[in-house]
Amino acid sequence: MSAPSATTDRLGHSLLAERLAQIPAILSGMLTRGPAPLKPATQSSVRFIVTGTGSSEAHARYLAMLLNFYTDRSAAYLPLSGFTGGHHDGFSGKTLVVFSQGVSPNAQIALRRRHDFAHTVLFTASNPSAALAAGKKDRAALLQTLLDEGGELVEFPLAEEYTTLIRFVGPMAGYLACLQFTAQLSCCRFSTPSAAELLPLLATRAPAELVAAIQRSSSRFAQGFNLVTAAPISDFAQNLACKFMEGVFWPCPPISDFLQFAHGPFQQMTARPHPTLILQGGSAIEAELVDRSLTMLRNVGLDAFVLRVDAPSLLSIFAFEAALNHLIFELMTAFGTDQVNWPGKGRDDLLYGFCPDV
């Protein structure tokens, strides 16, 4: 199917609708093909420094969780600015893992520090041939050099997911790439999910009462709301929050763990009322935490909505992503949000294009 033209899809909504519709087939294809075998240097890595920004931050934090809790390896997340200083003794002997769907200039800051590490792994939707075909010679050369030096490329869709500000495919595919990567490590205590386990989660939708509340008074949500959930989701839910910022240009909702919520966010919300969206997984303790949170919020007259997913934390992120993808798409089409010529477009290069020599 050919992509919608710029003249008939001025706001980018048709292109985003196509991308949303592609996700089940893309994830199914990843499961059918399986991942490429990991290099020996990757298999033998035991300590990881993981980084990424934008939706890639969520992937990086998710991988760190998988490595720390489901293997005998250890991982720490470090923001990209942590790679801009001088020599860092803490890098020595560790494996660098960088997430960047398009190998952005900021991600290249970390890649330029790869010689301070024992090994480098790049999760990306690109490769030397694809980058060269897209006219990105510098990125093609960087990727080829990384491979020539023995580094690892872990590829996931969607290459060239540009034109619009928000991305739908890459965030989903990146999570699955993390699962497939970790499952290949000899010490991993889970198997890659089957299509029967994963694909039904993609049909998850936001609760009808939340959709109705936003339709009645979108300005209340546009002024700010909170996301509350349990660990470990609370540690890699960044992209769920960012969807509202990138999709409809609302403030990015703060994310609180259930127990953190009572240590400041609840009090602030009581002083300045705004809604709460609770993300609930399938465990019994989460059910109790949700009940307690709802009672607390309603006792002070605050609105709260629950998006419940009956899946373990290993997989529930796919359902939360799917539900909020479709919610955001409904909102942007209802509001006529311009996803092609978004606010500030072309004016962010002082930071987005920042990649100093290190």
Could you work out how far helix 13-33 tilts from the main Cα principal axis of the chain, as a 0 to 90 degree angle to the nearest 10? 60
Under 25 Å Cα-Cα from Lys39, which lysines qualify once same-chain neighbours fewer than 8 residues away are excluded? Lys94
Using 0.36 nm per residue of separation minus the Cα-Cα distance, give me the extension gain between Val300 and Glu330 in nm, one decimal. 7.8 nm
Radius 12 Å from Cβ of Pro157, net charge of other residues (Lys, Arg +1; Asp, Glu -1): 0
In the range 1-148, with Lys and Arg counted as +1 and Asp and Glu as -1 at Cβ, which of these residues, Gly12, Gln43, Gln144, has the Cα nearest the positive end of the dipole, that is, farthest along it? Gln144
For the residue pair Ala134 and His263, what label-to-label distance in nm results when each label sits 7 Å from Cα along the Cα-to-beta-carbon direction? 4.0
Please work out how much length the chain gains when fully extended from Asp235 to Asp357, using 0.36 nm per residue of separation minus the C-alpha to C-alpha distance, in nm with one decimal. 40.8 nm
With the crude spin-label approximation of a point 7 Å out along Cα→Cβ, what separation in nm comes out for Gln184 versus Asn341? 4.4
Simple spin-label model, 7 Å along Cα-to-Cβ: Ala213 to Glu288 in nm? 2.5
Size of charge dipole - the chain - debye, nearest 20, with Cβ of Lys, Arg +1 and Asp, Glu -1, no other charges: 160
Test of understanding: in a Gaussian network model of the chain with alpha carbons linked when under 10 Å, which of Val103, Val228, Val340 would top the mean-square fluctuation ranking? Val340
Between Thr7 and Ser28, what length in nm is gained on full extension when 0.36 nm per residue of separation is reduced by their alpha carbon distance? 4.3 nm
Point-charge dipole on Cβ atoms (K/R +1, D/E -1) for the range 1-73, about Cα centre, debye to 20: 200
Within-14-Å neighbourhood charge of Leu80 [Cβ basis; K, R +1; D, E -1]: +3
What are the aspartates and glutamates whose alpha-carbon lies under 17 Å from the alpha-carbon of Lys243, with same-chain residues fewer than 8 places away excluded? Glu57, Glu161, Asp235, Glu321, Glu330, Asp338
For the range 232-274 and the range 55-99, what is the separation of their C-alpha centers, rounded to whole Å? 24
Magnitude of the Cβ-charge dipole (Lys and Arg +1, Asp and Glu -1) of the range 280-326 about the Cα centre, nearest 20 debye, reported as 100
If ligands, DNA and RNA are left out, what is the accessible area of Lys136 with a 1.4 Å probe, given in Å² to the nearest 10? 50
Given contacts defined as C-alpha pairs under 8 Å and at least six residues apart, what's the relative contact order of the chain, whole-number percent? 20
GNM result for the chain, Cα springs below 10 Å: residue of Gly282, Gly135, Gly344 fluctuating most strongly: Gly344
Determine how large the accessible area of Tyr77 is when every protein chain is in place; take a 1.4 Å probe and give Å² rounded to the nearest 10. 50
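The values are calculated or read from the model by the stated rules, or taken from the named source; none is laboratory data. Bear in mind the structure is a predicted one, so any value in this text is a computation, not a measurement. A quick note on method: Cβ atoms are made from the backbone with ideal geometry, for glycine too, and the neighbour counts reach across all protein chains shown. Surface areas here come from the heavy atoms of the whole protein model, side chains and all, with no ligands, DNA or RNA. Shrake-Rupley method; radii C 1.70, N 1.55, O 1.52, S 1.80 Å.
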